[in-house]
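Engineer: Mind looking over this structure? Questions follow.
The values are calculated or read from the model by the stated rules, or taken from the named source; none is laboratory data. Note that the structure is predicted; figures quoted are calculated from it, not measured. In this analysis, Cβ positions are derived from the backbone assuming ideal geometry, glycine residues included, and neighbour counts consider all displayed protein chains. Each accessible area value is taken on the protein alone, full model and side chains, heavy atoms only, with ligands, DNA and RNA left out. Shrake-Rupley method; radii C 1.70, N 1.55, O 1.52, S 1.80 Å.
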Amino acid sequence: MAIRNILKKGDSGLEKKSREVKDFNQRLHTLLDDMRETLIESRGLGLAAPQVGVLRRAVLVVDTSGEEEKIIELINPVILESDGEQEGPEGCLSVPNVWGIVKRPLYVKVCAQDRFGNTFETESEGITARAFCHEIDHLSGTLFVDICEKIMSAEELEQMYAETEADETEQ
Ligand code: NI
C-alpha cells in the first residue's frame, strides 16, 4: 500500500466527471488499498478516487454509525432513495482549512458494487449519509464549496460553535 497525493481545489481533475469502473481487477484493488491508507493517514471521513487523480467511480466512506468505525468501499455508487434534510458543517481533504454549511438529506439508501463487482445496498443517516453524498458528488466534479451556503475558516466555525453554546447556556 502507498499513500497517494490528494489533489487540492484548483486542480482541474477535481472538476471532471469520473467514469464507471468496469474491471474489478488488481489495479482497482491497489487503488482502493492506497485510498484506504491515504484516508486513514489524513483522518478524513471519506475519499473519492478523483481526489487522488483517478477519474473512476470509486469512493471510500468512514461509517461511524456502529460501535467500531469501518471504512466502506463503494464502486459505481448510486443514491437510490433519500429522505429528510440536515444542515451542518462540511469539510474536504481537497479544500483544507475551509468549512461550509451544506444542506444534505438526513437519510440515504445507496446501491454500489464491492471491489469484486458484487452489488449491494447500504443505508445511512446523519454524518455518514452526509459523507455518502459528499463523496458521490466528487464523482461528478462537485465540491462542497460549489454548493454550500456559507464558507468559513476553522476559526469562524469554532466561533460559531462557541456562540451556539453560549446561546444554549443563556436559555
Ligand atoms: Ni471531499
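Engineer: Restricting to the range 14-23, and then to whatever is within 15 Å of the ligand (Cβ to nearest atom) and not in a loop (DSSP other than H, G, I, E, B), can you tell me which residue is farthest from residue 115 (Cα to Cα)? Outline the logic, then answer.
Structural biologist: The initial filter retains those residues of the range 14-23 that are within 15 Å of the ligand (Cβ to nearest atom), namely 14-16, 18.
So of that shortlist, the ones also not in a loop (DSSP other than H, G, I, E, B) come out as 14-15.
Numbers: 14: 23, 15: 25 Å.
Only one residue fits best here, namely 15.
Engineer: A further question follows. Look at residue 4 and say whether it is basic (Lys, Arg), part of a loop (DSSP other than H, G, I, E, B), open to solvent by 60 Å² or more (accessible area, probe 1.4 Å) and in contact (Cβ under 8 Å) with a residue 12 or more places away in the chain. First the steps, then the outcome.
Structural biologist: Details: basic (Lys, Arg): yes; part of a loop (DSSP other than H, G, I, E, B): yes; open to solvent by 60 Å² or more (accessible area, probe 1.4 Å): yes; in contact (Cβ under 8 Å) with a residue 12 or more places away in the chain: yes.
So residue 4 fits the description; yes.
Engineer: How many residues are assigned to a strand (DSSP E or B) and either more than 18 Å from residue 28 (Cβ to Cβ) or touching a residue at least 40 places away in the same chain (Cβ under 8 Å) (or both) if we restrict to the range 65-77?
Structural biologist: Taking the range 65-77 first, the residues assigned to a strand (DSSP E or B) are 70-77.
Applying the additional criterion that residues be either more than 18 Å from residue 28 (Cβ to Cβ) or touching a residue at least 40 places away in the same chain (Cβ under 8 Å) (or both) yields 70, 72-77.
Adding up the residues that qualify gives 7.
Engineer: What residue, among those in the range 102-130 that are small (Gly, Ala, Ser) and farther than 12 Å from residue 79 by Cα, is modelled with the lowest pLDDT?
Structural biologist: Just the residues of the range 102-130 that are small (Gly, Ala, Ser), to begin with: 112, 117, 124, 126, 129.
If we keep only those that are farther than 12 Å from residue 79 by Cα too, we end up with 117, 126.
Working: 117: 98, 126: 94.
Out of the qualifying residues, it is 126.
Engineer: Then there's this: Go through (1) outside any helix (DSSP H, G or I); (2) open to solvent by 90 Å² or more (accessible area, probe 1.4 Å); (3) more than 30 Å from residue 29 (Cβ to Cβ) one by one and return the number of the condition residue 152 breaks.
Structural biologist: (2)
Engineer: Taking the range 62-99 on its own, how many of its residues are buried (at least 19 other Cβ atoms within 10 Å of the Cβ) and in contact with a Pro (Cβ under 7 Å, 6 or more places away or on another chain)?
Structural biologist: Final tally of qualifying residues: 1.
Engineer: Go through (1) open to solvent by 20 Å² or more (accessible area, probe 1.4 Å); (2) within 24 Å of residue 15 (Cβ to Cβ); (3) in a strand (DSSP E or B); (4) more than 13 Å from the ligand (Cβ to nearest atom) one by one and return the number of the condition residue 121 breaks.
Structural biologist: It fails just one condition, (2).
Engineer: Within the group 12, 42, 18, which residue is touching a His at 6+ places or on another chain (Cβ under 8 Å) and of a type in the set (Ser, Thr, Tyr)?
Structural biologist: Details: 12 fails: touching a His at 6+ places or on another chain (Cβ under 8 Å); 42 fails: touching a His at 6+ places or on another chain (Cβ under 8 Å).
Sole residue among the options that is touching a His at 6+ places or on another chain (Cβ under 8 Å) and of a type in the set (Ser, Thr, Tyr): 18.
Engineer: Out of the range 36-64, which residues are assigned to a strand (DSSP E or B) and of a type outside the set (A, V, I, L, M, F, W, C)?
Structural biologist: 46, 56, 63
Engineer: Taking only pairs six or more apart or across chains, which ones have beta-carbon atoms under 9 Å, a first residue in the range 24-35 that is open to solvent by 30 Å² or more (accessible area, probe 1.4 Å) and part of a helix (DSSP H, G or I), and a second residue that is modelled with pLDDT under 95 and among the hydrophobic types (A, V, I, L, M, F, W, C)?
Structural biologist: Qualifying pairs under 9 Å: 30/1; 30/2; 33/1; 33/2.
Engineer: Let me ask you something else. Just need a number here: residues in the range 45-78 that are closer than 20 Å to residue 12 by Cβ and under 14 Å from the mean Cα position of the chain (by Cα). If you could, list the steps in order and put the result at the bottom.
Structural biologist: Of all residues in the range 45-78, those closer than 20 Å to residue 12 by Cβ come to 47-59.
Those left that are additionally under 14 Å from the mean Cα position of the chain (by Cα): 47-52, 57-59.
Result for the range 45-78: 9.
Engineer: May I pose another question? Looking at (1) within 16 Å of the ligand (Cβ to nearest atom); (2) open to solvent by less than 10 Å² (accessible area, probe 1.4 Å), can you tell me which one residue 41 breaks?
Structural biologist: In the conditions (1) within 16 Å of the ligand (Cβ to nearest atom); (2) open to solvent by less than 10 Å² (accessible area, probe 1.4 Å), residue 41 misses (2) alone.
Engineer: Quick check, is residue 128 of a type outside the set (Phe, Trp, Tyr), under 16 Å from residue 46 (Cα atoms), part of a helix (DSSP H, G or I) and within 16 Å of the ligand (Cβ to nearest atom)? Walk me through how you get there before you give the answer.
Structural biologist: Details: of a type outside the set (Phe, Trp, Tyr): yes; under 16 Å from residue 46 (Cα atoms): yes; part of a helix (DSSP H, G or I): yes; within 16 Å of the ligand (Cβ to nearest atom): yes.
When the stated conditions are applied, residue 128 passes them.
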